[in-house]
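A quick write-up on the structure given underneath.
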Amino acid sequence: MTLLTYPEAAKQAILDEMRSDPRVFVMGEDVQAAQYADALPEFGSERIRSTPICETGFFGAGIGAALTGMRPVIEGGFSTFLYSAMDQIANQAAKSRYMFGGQASVPVVVRLYVAYASASAAHHSDRPWGLFAQVPGLKIIVPSSPYEAKGLLISAMHDGNPVLCFDDSTLFDLREEVPADEYSIPIGAASIKRSGSDLTIVALAAAVRHSLDAAKTLEDQGISAEVVDLRSVVPLDRALVRDSVTKTGRLLVVDPAPGMCSVASEVAAYVAEDVFSSLKAPIIRLVAPNVPVPFSPALERLMYPTAENIVAAAKKLCG
């Protein structure tokens, strides 16, 4: 076990995979000069490729490489940069296996970081995992810790489908014991981070940490909260959510993305359709408002779910 930050754990997963599989390589803007500079002597510029500032171009190149049998990891930068490569992601990567009748696979991993609560302003602060969940053919992972980041990325690099990985920048300073050996976390398997009996809190990204903090406060007030980390948006672990809500009878979904057509909405709709008879109270979604993210730090802090918000919503659910 090694004490690693979130970026260190993710990088360890990628470099270890590059050592074991010559088809794996990294590409993206300034990767040779930034996060992979120290690995350049080992792998060279063929496998650590810096690209021009043109998302349509290098996303397309990575997808093309995947179609020919390579396994690229594209470092895409801010999550909003995905919009510049929307055709490449939504029409090429996501649909190629279907369009070619299953004869083609697109084993590409696209990493993007979600810079919220950092005064990065509207052009750099979206959390678009819900938007891309509406694109059939993509898998989407949202790690909540260094351990999750390494295990999920290893599974993503072994997968034969395009995988989007959204890295929450507010977790980058988090340190955690991570196994040095290879391990994997299945894509589509949620995790119960804390068991409870009075309500289920389903969360993702940094909201998992806030939910765990809230659960400790709630315990002191006599409320037992079960915290579920989705880990994957697509596939969504509906079975684990169903079983948890069936046990507790209450659901609070915490998603730092806007609520319209969100992952929180999908989870709430599924529970309302399939577990309605188990509910003891209406479902609550704790989400960001449907407005562009302000640059002002004071205003931005009002955008996202906090431990205090979660405690208040949980107490409302439990009466």
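The values are calculated or read from the model by the stated rules, or taken from the named source; none is laboratory data. Fair warning: this is a prediction, and the values are worked out from it, not measured in the lab. Backbone-built Cβ (ideal geometry, glycine too); neighbour counts: all protein chains shown. Just the protein is used for accessible areas: all its heavy atoms, side chains included, with ligands, DNA and RNA removed. Shrake-Rupley method; radii C 1.70, N 1.55, O 1.52, S 1.80 Å.
Quick one: what are the phi-derived ³J(HN,Hα) couplings along the stretch 91-108, Karplus 6.51/-1.76/1.60 with θ = phi - 60°, whole Hz, x for glycine and proline?
Values, residue by residue: 9, 9, 4, 6, 9, 4, 4, 5, 5, 9, x, x, 7, 10, 10, 10, x, 10 Hz.
Contact order normalised by length for the stretch 1-119, with contacts defined as Cα pairs under 8 Å and 6 or more residues apart; what percent is it?
Here the relative contact order equals 25 percent.
How large is the dipole of the chain about the Cα centre if only Lys and Arg carry +1 and Asp and Glu carry -1, each at its Cβ, rounded to the nearest 20 debye?
740 debye
Please work out the FRET efficiency for the pair Y270 and L302, using the Cβ-Cβ distance as r and a Förster radius of 22 Å; give the result to the nearest 0.05.
0.15
With θ set to phi - 60°, apply the Karplus curve 6.51 cos²θ - 1.76 cosθ + 1.60 along the stretch 169-184 and write out the HN-Hα couplings as whole Hz, x wherever there is a Gly or Pro.
Along the stretch 169-184, the couplings run 5, 6, 9, 5, 8, 5, 10, 7, 6, 10, x, 6, 6, 5, 8, 9 Hz.
Just to check, using Stokes-Einstein with a Kirkwood Rh over alpha carbon pairs, what's the diffusion coefficient of the stretch 114-188 at 20 °C and 1.002 mPa s in µm²/s?
Answer, rounded: 158 µm²/s.
Over the chain, what is the relative contact order in percent, taking alpha-carbon pairs closer than 8 angstrom and at least six residues apart?
Averaging sequence separation for qualifying contacts and normalising by length gives 17 percent for the chain.
From the residues S278, A214, S144, which one has its Cα farthest along the dipole of the chain in the positive direction, the dipole being from +1 and -1 charges on Cβ of Lys/Arg and Asp/Glu about the Cα centre?
S278
Starting from 0.36 nm per residue, how many nanometres of slack lie between A312 and M86 once their C-alpha separation is accounted for?
Result for the pair: 77.6 nm of gain on full extension.
For the stretch 127-246, what relative contact order do you get, as a whole percent, if you take Cα pairs closer than 8 Å and at least 6 residues apart?
Once divided by the residue count of the stretch 127-246, the mean separation gives 31 percent.
Using just the helices of the chain, give the 222 nm mean residue ellipticity in deg cm²/dmol: DSSP H runs with n ≥ 4 each add -39,500 (n - 2.57), and the total is spread over all residues, rounded to 500.
So the calculated ellipticity at 222 nm is -10000 deg cm²/dmol.
Positive end of the charge dipole of the stretch 51-198 (Lys, Arg +1 and Asp, Glu -1 on Cβ, about the Cα centre): tell me which of F58, C165, T68 has its Cα farthest that way.
T68
Return the whole-Å distance between the Cα centroid of the stretch 187-229 and the Cα centroid of the stretch 236-313.
The distance from the Cα centre of the stretch 187-229 to that of the stretch 236-313 comes to 12 Å.
Indicate the gyration tensor shape class of the stretch 1-159 (rounded, prolate or oblate), computed on the Cα atoms with a ≥ b ≥ c the square roots of the eigenvalues: a/c under 1.5 is rounded; otherwise a/b larger than b/c is prolate and the rest oblate.
rounded
Roughly speaking, to the nearest percent, how much of the chain's 1.4 Å accessible area is carbon and sulfur?
Roughly 55 percent, rounded to a whole number.
Whose amide H sits under 5 Å from the amide H of L286, counting only residues 5 or more places off or on another chain, with H placed in the peptide plane?
Amide H neighbours of L286, under 5 Å, 5+ apart: V253, V254, D255.
If you count only protein heavy atoms with a 1.4 Å probe, what accessible area per residue comes out for the stretch 192-292, rounded to a whole Å²?
Normalised by residue count, the accessible surface of the stretch 192-292 is 40 Å².
If packing is taken as the mean number of other Cβ atoms within 10 Å per residue, what is the order of 51-58, 311-318, highest first?
The densest-packed peptide leads the list: 311-318, 51-58.
Between A180 and H158, how high is the FRET efficiency from 1/(1 + (r/R0)^6) when r is the Cβ-Cβ distance and R₀ = 25 Å? Nearest 0.05.
Efficiency computed from Cβ-Cβ geometry: 0.85.
Between beta-carbons, use under 13 Å as the cut-off and find the net charge around L199, counting Lys and Arg +1, Asp and Glu -1.
+3
Points 7 angstrom from Cα along the Cβ direction at F295 and A104: gap in nanometres?
The answer from the label model is 4.2 nm.
Which cross-chain or sequence-distant (5 or more) residues have an amide H under 5 Å from the amide H of R71, H modelled 1.01 Å from N in plane?
Long-range HN contacts for R71: V24, F25.
First check a/c for the chain, with a ≥ b ≥ c the square roots of the eigenvalues of its C-alpha gyration tensor; if it is under 1.5, answer rounded, and if not, answer prolate when a/b is larger than b/c or oblate otherwise.
Prolate, since a/c reaches 1.5 and a/b exceeds b/c.
Cross-link partners among lysines for K11, C-alpha distance below 17 Å, same-chain residues fewer than 8 apart left out?
Leaving aside lysines fewer than 8 places away in the same chain, those within reach of K11 are K150.
I need the phi-derived Karplus couplings for the stretch 111-121: 6.51 cos²θ - 1.76 cosθ + 1.60, θ = phi - 60°, integer Hz, Gly and Pro marked x.
Computed from phi, the couplings for the stretch 111-121 are 9, 9, 10, 9, 9, 9, 6, 9, 6, 8, 6 Hz.
Quick query: amide H of G77 versus all other amide H atoms, modeled in the peptide plane; which residues come in under 5 Å with a sequence gap of 5 or more or a different chain?
Distant-sequence amide H within range of G77: Y113.
Between the stretch 125-139 and the stretch 72-114, what is the separation of their alpha carbon centroids in Å?
11 Å
Indicate the gyration tensor shape class of the stretch 156-315 (rounded, prolate or oblate), computed on the Cα atoms with a ≥ b ≥ c the square roots of the eigenvalues: a/c under 1.5 is rounded; otherwise a/b larger than b/c is prolate and the rest oblate.
Rounded, since a/c falls under 1.5.
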